[in-house]
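Single-structure report; data block below.
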Amino acid sequence: MKLFVTGVAGQLGHDVMNELHKRGYEGVGSDLAPEYAGIRDGSPVTAMPYVSMDITDAASVEKILTDCQPDAVVHCAAWTAVDAAEDEDKREKVRLVNVVGTENIAKVCKKLGIKMMYLSTDYVFDGQGTAPWKPDCKDYKPLNVYGQTKLDGELAVYNNVEKFFIIRIAWVFGKNGKNFIKTMLNIGKSHDTIRVVSDQIGTPTYTYDLARLMVDMIITDKYGYYHATNEGGFISWYDFTKEIFRQAVAAGHPEYDEAHVNVIPVTTAEYGISKAARPFNSRLDKSKLVENGFTPLPTWQDALARYLKEIEF
């Protein structure tokens with residue numbers, strides 16, 4: 001099986017390529033840079049086939065995918081800087097990447113009659129209430145530019161591709177790139193007090209674990225909408241920070257204990273400063289995974305422990 005993976009310079013694309021290699025599938029990575037520009041960690045992705053592709057260039061997308069002849073495209077590439085997406089001078093770029101780029105890929109997948117997997121987000125919903133969002137819920141109401149463009153990307157896939165997987169994820173962290181865990185560990189080194197939001201609720205997603213599930217899915221014909229995060233229950237960003245520091249201390253980093261860093265819970269309103277409105281309710285219902293025979297991800301607590309062993313801090 002041959003899979004074409006976009007966004008391999010990012011957290012998820014990096015791990016998907018390594019998962020394909022682990023299972024003996026042929027993976028071709030792609031991103032905008034002329035050569036692989038992700039973390040040089042010596043993992044298989046750094047030496048696997050790579051093609052530079054601008055997903056916003058329809059003609060280039062068609063030529064490259066037609067020449068490559070993959071069995072499926074796993075579309076991880078996206079504009080994910082949520083606050084920056086609100087800037088007037090960046091909105092068109094965000095739309096080009098998240099909507100036009102996705103539609104370009106979707107149209108070629110339709111033409112070639114191949115599978116397409118698209119990674120989306122809980123931001124397509126309004127984040128209100130406390131009930132977990134179901135994958136087939138169509139009550140879309142994005143709060144910000146990023147959420148709207150990811151929804152429009154979803155619709156581009158839905159309206160063009162017959163064999164599609166749309167997977168919504170949340171609170172993503174991985175080895176290759178910036179994320180909340182790395183940010184908290186860095187702040188914890190230089191601050192004795194940290195204020196963290198406690199009224200936004202969701203579940204973290206480790207890209208290493210998610211990549212395994214994605215490959216499990218792409219080799220089947222169980223198409224449709226899915227939600228995927230780690231197991232382990234719903235938490236706030238404050239809860240997550242406390243556990244990050246607790247595990248860091250357990251791993252031999254006493255500088256993150258309560259004597260050195262005081263973590264204070266605050267409301268979103270008290271925290272302020274973010275340009276983009278954030279959802280309060282990022283709970284995702286993942287029951288459809290089990291119903292379709294897929295193995296859920298491990299708990300986020302376990303994922304965090306494994307992740308801390310992978311990174312330097």
Inset, instruction - Tally the DSSP beta bridges in the chain and give the antiparallel ones as a percent, rounded to 5. - result: 5
Legend entry - Potential extension, residue 37-residue 1 segment - 0.36 nm per residue separation minus Cα distance: 10.5 nm
Inset, instruction - Mind checking the full-extension length gain between residue 259 and residue 22? Use 0.36 nm per residue of separation minus the Cα-Cα distance, one decimal, nm. - result: 81.1 nm
Inset, instruction - For residue 130 and residue 234, compute 0.36 nm times the residue count separating them, minus their Cα-Cα distance, and round to one decimal in nm. - result: 36.4 nm
Legend entry - Mean-position separation - Cα centroids, region 82-135 and region 207-278, in angstrom: 21
Inset, instruction - Treat every Asp and Glu Cβ in region 131-196 as -1 and every Lys and Arg Cβ as +1, leave all other atoms uncharged, and give the resulting dipole magnitude about the Cα centre to the nearest 20 debye. - result: 300
Inset, instruction - Name the long-range amide H neighbours of residue 194: under 5 Å, sequence gap of 5 or more, or other chain; modelled H, no Pro or chain starts. - result: 262, 263, 264
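Quick one: if the Förster radius is 51 Å, what FRET efficiency do residue 66 and residue 270 give, using the C-beta to C-beta distance and rounding to 0.05?
Working: r = 53 Å, r/R0 = 1.03.
With a Förster radius of 51 Å, E is 0.45.
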Legend entry - Calculated from backbone phi, Karplus (6.51, -1.76, 1.60) coupling profile of region 298-311 in Hz, x at Gly/Pro: x, 5, 5, 5, 5, 4, 4, 4, 5, 5, 4, 6, 8, 10
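For 181, 264, write out the residues from largest to smallest accessible area, computed with a 1.4 angstrom probe and no ligands counted.
On the way: 181 0, 264 60 Å².
Sorted descending by solvent-accessible area, the residues read 264, 181.
Once the Cβ-Cβ distance between residue 57 and residue 81 is put in as r, and R0 is 25 Å, what FRET efficiency do you end up with, to the nearest 0.05?
Numbers: r = 21 Å, r/R0 = 0.85.
So the FRET efficiency works out to roughly 0.75.
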Inset, instruction - Please go through the residue pairs 134/175; 138/178; 175/309 and name each one whose alpha carbons sit more than 22 Å apart in this structure. - result: 134/175; 138/178
Legend entry - Equivalent ellipsoid dimensions for region 143-257 as semi-axes, Å, which come from the Cα gyration tensor, largest first: 33, 17, 12
Inset, instruction - Could you work out how far helix 11-23 tilts from the main Cα principal axis of the chain, as a 0 to 90 degree angle to the nearest 10? - result: 60
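Suppose accessible area is computed on protein heavy atoms with a 1.4 Å probe; arrange 207, 183 from highest to lowest. Intermediate results must be reported in sequence, preceding the final value.
Working: 207 0, 183 65 Å².
Order by accessible area, largest first: 183, 207.
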Legend entry - Signed unit charges on C-beta, dipole axis of the chain, positive-most listed residue 261, 106, 96: 106
Inset, instruction - Enumerate the lysines that residue 90 could reach by cross-link, defined here as Cα to Cα under 17 Å, with residues fewer than 8 away along the same chain left out. - result: 150, 275
Inset, instruction - DSSP loop (so not H, G, I, E, B), at most 10 other Cβ within 10 Å: list which GluC sites (Glu not before Pro) in region 66-162 pass both filters. - result: 88
Legend entry - Neighbour cut-off at most 16 other Cβ (10 Å), DSSP loop, GluC sites (Glu not before Pro), region 174-276: 258
Inset, instruction - With a 1.4 Å probe and all protein chains in place, put 275, 93, 242, 115 in order of accessible area, largest first. - result: 275, 93, 242, 115
Inset, instruction - Place +1 on the Cβ of every Lys and Arg and -1 on the Cβ of every Asp and Glu in the chain, take the dipole about the Cα centre, and give the residue among 65, 188, 140 whose Cα lies farthest towards its positive end. - result: 65
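Which FRET efficiency value, to the nearest 0.05, is calculated for residue 137 and residue 88 with the Förster distance at 30 angstrom and r the Cβ-Cβ distance? Let's see the in-between values first.
Working: r = 31 Å, r/R0 = 1.03.
It comes out at approximately 0.45.
Can you give the local net charge around residue 93? Use residues other than it whose beta-carbon is closer than 13 angstrom to its beta-carbon, Lys and Arg +1, Asp and Glu -1.
Details: positive: 90, 91, 95; negative: 54, 86, 87, 88, 89, 92.
Spelling it out: positives minus negatives among the neighbours equals -3.
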Inset, instruction - Measure off 7 Å from each Cα along the Cα-to-Cβ vector at residue 216 and residue 291, then give the distance between these two points in nanometres to one decimal. - result: 1.7
Legend entry - Rounded, prolate or oblate (a/c below 1.5 giving rounded, otherwise prolate when a/b exceeds b/c) for region 1-110 by Cα gyration tensor: oblate
Inset, instruction - On a 0 to 90° scale, report how tilted helix 145-160 is relative to the longest principal axis of the chain, with both axes built from alpha carbons and the result rounded to the nearest 10. - result: 30
Legend entry - region 81-98 - phi-based ³J(HN,Hα) in whole Hz, Karplus 6.51/-1.76/1.60, Gly and Pro as x: 6, 4, 5, 4, 5, 7, 5, 4, 6, 10, 4, 5, 5, 4, 5, 4, 6, 7
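Just list whichever of 107/163; 63/111; 22/107; 182/242; 115/222 have alpha carbons separated by over 18 Å in the model shown.
Working: 107/163 12 Å; 63/111 12 Å; 22/107 30 Å; 182/242 14 Å; 115/222 11 Å.
Checking Cα-Cα distances, 22/107 exceed 18 Å.
The values are calculated or read from the model by the stated rules, or taken from the named source; none is laboratory data. Computed from a prediction, not measured in an experiment: that's the story for all the values here. Methodologically, a virtual Cβ is constructed for each residue, glycine included, from the backbone with ideal geometry; neighbour enumeration extends over all protein chains shown. Each accessible area value is taken on the protein alone, full model and side chains, heavy atoms only, with ligands, DNA and RNA left out. Shrake-Rupley method; radii C 1.70, N 1.55, O 1.52, S 1.80 Å.
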